[in-house]
Amino acid sequence: MPRFGTVLFDLDGTVVDTRELIRRSHRHAVTTVLGRDMPDHELLANVGRPLIEQMEAFDEVRAQELLEAQREWSHAHTAELIRPYPGIGVMLADLVAAGCRTGVVTSKAGPTAELALDALPEVARCIEVLVAVEDTPTHKPGPEPVLLALQRLGAEPSDACYVGDAPFDVAAARAAGVTSVGVTWGFFPREAVADADVVIDAVPDLERYLMGVT
Ligand SMILES: [Mg+2]
């Protein structure tokens, strides 16, 4: 018996391994637009927040130019560089087969998120609802995108969880009144999600938790 009727997921660093795609897209943007390089930890410091905010952290004045360079490179290389974390596709199929409703709540732009899902049909076919950055006026760490996904699924916060790898995901879940599930295989260290209701270190453990097997 699944633990929650509705399971919402962050995308990058939770469902899909986009580390290489994002690292190389961000590096392409800062080297071509700003003419300089940055260490990986600086490039990836704000992953999980809206892309424009990540670019503003690199250069406030040239953020739009950075965003366009990043997006063009990222879109051209998504199919080649994106992959689901091992076991995620099976876990999603098992959840759906068990009657769970599912959604992705991401700070990515809709077309970018759809491009990612198009490259991964085993993931896409198990996701009922996609909430992207343009779907709500405010974003994670606020509650709005999680609440919109619940509304679209006709689900109650008390019967839902939000699974994510970032502190913004934990905060968004808490603000929306759903159970927060922090996972540690993505972009952030364990400490970043330590105050989630549940912290999980491996995909098989996440499947057992969500399926109610303890
Ligand atoms: Mg993430």
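The values are calculated or read from the model by the stated rules, or taken from the named source; none is laboratory data. Just so it is clear, the model here is predicted, and its values are computed rather than measured. We place every Cβ from the backbone using ideal geometry, glycine too, and count neighbours over all the protein chains shown. We work out accessible area using only protein heavy atoms, side chains counted, and drop any ligands, DNA or RNA first. Shrake-Rupley method; radii C 1.70, N 1.55, O 1.52, S 1.80 Å.
For segment 15-59, with every protein chain kept in place, what is the accessible area per residue (1.4 Å probe, Å²)? Show your work: numbers first, answer last.
Values: 1900 Å² over 45 residues.
Using a 1.4 Å probe on heavy atoms only, each residue of segment 15-59 averages 42 Å².
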DSSP beta bridge pairing in the chain, given as percent antiparallel to the nearest 5
10 percent
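Looking at segment 19-81 from every direction and averaging, what is the projected area of its Cα convex hull in nm²?
Mean projected area for segment 19-81: 3.7 nm², to one decimal.
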Over segment 19-81, what percent of the accessible surface lies on carbon and sulfur atoms, probe 1.4 Å?
45 percent
Run the numbers on the chain and let me know its relative contact order in percent, using alpha-carbon pairs under 8 Å that are six or more apart.
26 percent
With a 1.4 Å probe and all protein chains kept in place, how do Thr102, Thr179 rank by accessible area, largest first?
Thr179, Thr102
Are there GluC sites (Glu not before Pro) in segment 45-140 that DSSP puts in a loop and that have at most 16 other Cβ atoms within 10 Å, and which ones?
Glu60, Glu128
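Summing Lys, Arg as +1 and Asp, Glu as -1, what charge do residues with Cβ under 15 Å from the Cβ of Pro189 carry, Pro189 excluded? Mind dumping the intermediate values first?
Values: positive: Arg19, Arg190; negative: Asp40, Asp165, Asp169, Glu191, Asp195, Asp201.
Net charge in that neighbourhood comes out at -4.
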For the chain, the longest stretch holding no trypsin sites (Lys or Arg not before Pro) located in a DSSP loop with at most 15 other Cβ atoms within 10 Å is which?
126-214
Ala175 neighbourhood, Cβ < 10 Å, K/R = +1, D/E = -1, net charge +1
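How compact is segment 81-175 by the rule of thumb for globular proteins, expressed as Cα Rg over 2.2 N^0.38 Å? List each step's numbers first, then the result.
On the way: Rg = 13.0 Å, N = 95, 2.2 N^0.38 = 12.4 Å.
Ratio of Rg to 2.2 N^0.38 Å for segment 81-175: 1.05.
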Tilt relative to the chain, helix 63-81 - C-alpha long axis, 0 to 90 degrees, to 10:
60 degrees
Cα centroid separation - segment 1-77 against segment 158-207, whole Å:
20 Å
